[in-house]
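As structure tokens, the structure follows; a few thoughts come after it.
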């Protein structure tokens, strides 16, 4: 080592300076090629990944925002569907219909003498369910009963009303009225538009 140092001391100053500059240049070049460029490549790759992740984040945020709106829309439509089902249920539910009519008859002070469902009639997207009814009450009570039926959520149309057999009872003129009440139910898509009548047993 001393021999190398002695030989180095004999080298002219300008040569020493050149050697030092060469060494510094080599070190700088090595740092540039082996460290700086590699770090720049890593930074470039990380920058691209960051850009991709940022785009994915924005897409997911948009999806999350749209999902929230979609859920609100679905809930709104579900509520509207439930409201429509009250008007047009997906089954005949004759027991519930009879219960409803009995409740309305009690509120109107009339009696239901007969309740007889007939064969369903298939339409494009719904089934028509005719029901023959005989009721008893005075004129005002019968009209009140029909008015309450018209205000029900479930669609019930009353037609062919015939009033007959007037008689005095409890100081009132009592009448018997016969009518045809029609209610409806929605059809599943596969059954809609068949136009085929479906027989159903009558109940009295």
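Simple spin-label estimate for residue 72 and residue 151 gives 3.5 nm between the two label positions (7 Å along the Cα-to-Cβ direction from each Cα). Sorting 94, 13, 174 by the number of Cβ atoms found within 10 Å of their own Cβ, with the fewest placed first, yields 13, 94, 174. Summary of packing: across the peptides 159-165, 147-153, the per-residue average of other C-beta atoms within 10 Å ranks them, highest first, as 147-153, 159-165. Taking every alpha-carbon pair within region 94-186, the share separated by more than 15 Å comes to 59 percent. A full extension of the chain between residue 158 and residue 59 corresponds to an added length of 30.0 nm, given 0.36 nm per residue minus the alpha carbon distance.
None of the figures in this text is laboratory data; all of them are computed from the coordinates on show. Just so you know, these numbers come straight off a predicted model, no measurement behind them. So basically every Cβ, Gly included, is an ideal-geometry build from the backbone, and we count neighbours across all protein chains shown.
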